[in-house]
Amino acid sequence: MGLANSGCEVLGRDGPCDVRAAARSPDVTDVTVTVLDPSAEIRLHRLTGAFLAGYRNANTRSSYLQQLHRWFAWCTAHQLDPLQVERTHVELYLRWFEQQVASINTVCHGISVLASFYRWLVQTGQLDTTPIAAVRRPSRDETPRQTRLTRHELADWLNTAEQTGGAIYAMACLLLLNGLRVSEVCGIDIDDLAEERWHHTVTIHGKGDKDATIPLAPRTRAAVEQAVDDRDHGPLLRNQWGNRMSRNNAAAAVARLARESGISRRMTPHTLRHAAITAALNAGAHLRDVQDFARHADPKTTMRYDRNRHSLDRHATYAIAQYIAGSE
């Protein structure tokens, strides 16, 4: 039974409050950090800032802050102090959260952020225990959902980007030929470009505050040189107004190139990262090398790509049909 139909109540500071009414409240998704006690609000604001300061990557901080704000707003709607909640409160929040988003993986990310926050509070002596320790977490949905593009579609898309040239072409090469995340591509500065043992390289600032130096294929290097355009500093990729290309700019460019290439299916920057990893496996690259290429901390993540690319090709129905036909 869904939370909004369960008739559940949460014990707040002033007594029980109706979860259904709170879930319908427009303030639930407000991102303002507001709790009932002004002094508690100030303390929460400071602790949140101190927690996020431990993450160097701006995209990580932004993503974590968004999840924390969602949680704080829910607590406010239920008259709860986020620093005094119990396991039951977190579990009720998860049931509400599951109804607000389309993907269970978004919920998994949210609870992971909360777990990190409360673990940090315990480690720094702000709390004795974490309310999330015994919470039953949802399982991630490992079903592949990315648009699958053929080798010829990828070639057409990249050729269309080459005809456009400039920053768009460099962006396209970095997304498809290097499999970078869109935030990594947009965050590259000209100072990040270098040469190392005859390789042209770029240092990217990746997920989880992890920097990585990666080589550029000749085609990518040529595209990057177009984007540099005799400059010696500043962002590698600029939009039409001369500012750093944003993730939204990149996403719009990817979709536009798809339309111009005659690809009717939806394409996003992550579609290209998915395609790059799959293409590396199809090209015969060793699984460990592909893991390094994708910078997956867990080899199981890379193995999912390997399984998914053969999920139809290796389906048992073909073996059964051939087996039965052989008896005729």
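I need the full set of residues from region 78-87 which are out of contact with any Pro (no Cβ under 7 Å at 6 or more places or on another chain) and free of Cβ contacts under 8 Å to residues at least 60 places away in the same chain, in order please.
If the condition is that a residue be out of contact with any Pro (no Cβ under 7 Å at 6 or more places or on another chain) and free of Cβ contacts under 8 Å to residues at least 60 places away in the same chain, then Pro82, Leu83, Gln84 are the ones that fit.
Conditions tested, residue by residue: (1) of a type outside the set (A, V, I, L, M, F, W, C); (2) within 28 Å of Ala40 (Cα to Cα); (3) touching a helix residue (DSSP H, G or I) at 6+ places or on another chain (Cβ under 8 Å); (4) not assigned by TED's automatic domain parsing to the domain that holds Val254.
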| residue | (1), (2), (3), (4) |
| --- | --- |
| Val113 | no, yes, yes, yes |
| Tyr118 | yes, yes, no, yes |
| Ile132 | no, yes, yes, yes |
| Ala155 | no, no, no, no |
| Leu158 | no, no, yes, no |
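Candidates Asp229, Asp292: the one that is acidic (Asp, Glu) and over 22 Å from the mean Cα position of the chain (by Cα) is Asp229.
Contact map, region 285-302: residues that are touching a residue at least 60 places away in the same chain (Cβ under 8 Å) and within 21 Å of Leu175 (Cβ to Cβ) paired with residues that are outside any helix (DSSP H, G or I) and of a type in the set (S, T, N, Q), Cβ distance under 9 Å, separation 6+ or inter-chain. Pairs shown: Phe293/Asn178. One residue alone among Ala279, Ala253, Ala275 is modelled with pLDDT of 90 or more, in the same structural domain as Ala194 (by TED's automatic domain parsing) and either assigned to a loop (DSSP other than H, G, I, E, B) or surrounded by 13 or more Cβ atoms within 10 Å (Cβ to Cβ) (or both), and that residue is Ala253.
Scanning region 232-244 for residues that are out of contact with any strand residue (DSSP E or B) (no Cβ under 9 Å at 6 or more places or on another chain) and either more than 17 Å from Glu162 (Cα to Cα) or free of Cβ contacts under 8 Å to residues at least 12 places away in the same chain (or both) returns Asp232, Gln240, Trp241, Gly242.
Sort out which residues of region 50-83 are out of contact with any Lys or Arg (no Cβ under 8 Å at 6 or more places or on another chain), surrounded by fewer than 19 Cβ atoms within 10 Å (Cβ to Cβ) and within 17 Å of Leu127 (Cβ to Cβ), and write them in order of number. Scanning region 50-83 gives Ala50, Gly54.
The values are calculated or read from the model by the stated rules, or taken from the named source; none is laboratory data. Keep in mind that what you see is a predicted model, and the values were worked out from it rather than measured. Every residue, glycine as well, gets a Cβ built from its backbone with ideal geometry; the counts of neighbours run over all protein chains shown.
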